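Read-outs throughout are calculated quantities, based only on the coordinates presented, and are distinct from any laboratory measurement. Just so it is clear, the model here is predicted, and its values are computed rather than measured. Here the Cβ positions follow ideal geometry from the backbone for every residue, glycine too, while neighbour counts run over all protein chains shown.
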Amino acid sequence: MADKKLIAKKLIILLILMFVLDRGIGALLEHFYFTQKSGFDARANYIINKTNADVLVFGSSKAAEHYDPSILSDSLKMSVYNCGRDLSYIYYHYGLLQAVLKRYTPKLIILDTRPNEFQIFKYRENLDRLNVLLPYYDSHPELREVCLLRDKFERYKMLSKIYPYNSLILYEMVQFLPKYQKDNSENGFIGKTGEWHGNKPAYNVNDEVDTTAALYYKKFIESCRAKGIKVVITMSPIYQTIDVKANRNIALIYQIARKNNVPVFNYLTSFTNPKYFYDDLHLNRSGAELLSSKIAQDVKSVYRLK
């Protein structure tokens, strides 16, 4: 009996110690995370908590590297912020949008869309990437819906204060090195240099459609429309050969757009000169400047902006 009481006492002490350590280390990681001055996490924090730009651009690395806010702003006569993020998917953009809409209502949203937007990921990469939103789980209830898509046990994992940061720790530490203290973006835009000198490969068609991803894409559009926000769907250029008519993802994008009365600007095959690309999927700065000017003119035309 005495041994059982001793074991129980030790177990209680261990649990208390684990709780204290979890809270203490979690608080330290939280401090590091929210004091970053550069990188995608710092920009996400700015978007979620601070930006009040008239125009927001959403999308993956193609958005971050293809849309120059200075050109868009000059042409549209509105403030612009680029919310694009490398290796991000519609769940992330939907969550980010909900956080923005809780604070204010932008005038225009540009949603850059890939021709494989609804592809099925064997290892759930698109859901795992939602780890970057976990630090906001407690403070921003509007983000919990997408955060909980990661795993059926996610709500229980979030009881830990370390868990939201455990996959971001190394990245957070790197951001405090002197050379990372200055943000390398221009209102979220990351201009690339160099020209593509490779071949023009065939686009790897993925005909599978993730219906849940398509649902959140639809919900993204509907959230904007419910707030009276002007929306445009864009498909920015790639230096690949693609059969647009045979792509089921693109067909579904047009279907969602028609149902919500949203214009689609398809520029996938618009740029045929490799000098505007730095690889076969991404524009360089010159290409981004040209595309940004084109998009601004098309937006003004469809929405009759001066």
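Annotations
- Distance from the C-alpha centroid of the stretch 229-306 to that of the stretch 91-136: 19 Å, rounded to the whole angstrom.
- The mean sequence distance of close C-alpha pairs (under 8 Å, at least 6 residues apart), as a share of the length of the chain, puts its relative contact order at 25 percent.
- Under a 5 Å amide H cut-off, with hydrogens placed 1.01 Å from N, THR234 pairs with LEU111, ASP112, THR113, PHE265 among residues at least 5 apart or on other chains.
- Karplus-derived 3J(HN,Hα), 6.51/-1.76/1.60, for each residue of the stretch 279-284, Hz, glycine and proline x: 8, 6, 10, 10, 7, 8
- One chain, two ends: ASN261 and PHE153. Fully extended at 0.36 nm per residue, the span grows by 35.1 nm beyond their Cα-Cα distance.
- Each label was represented as a point 7 Å from its Cα along the Cα-to-Cβ direction; for ASP279 and LYS200 these points are 2.0 nm apart.
- Among the listed pairs LYS192/LYS227; LYS62/LYS227; LYS227/LYS294; LYS200/LYS300; LYS10/LYS157; LYS122/LYS219, those beyond 30 Å (Cα-Cα): LYS192/LYS227; LYS200/LYS300
- Long hydrophobic helices in the chain: the complete DSSP H runs spanning 18 Å or more by Cα along their own axis with mean Kyte-Doolittle hydropathy of at least -0.5 are 2-34, 90-103, 211-226, 285-302.
- Stretching the chain fully between SER160 and ASN52 yields a gain of 35.7 nm (0.36 nm per residue, less the alpha carbon separation).
- Rounded FRET efficiency, nearest 0.05, which uses the C-beta distance separating THR269 from ALA226 and R0 of 41 Å: 0.80
- Whole-angstrom Cα spans of the chain along principal axes, big to small: 80, 43, 42
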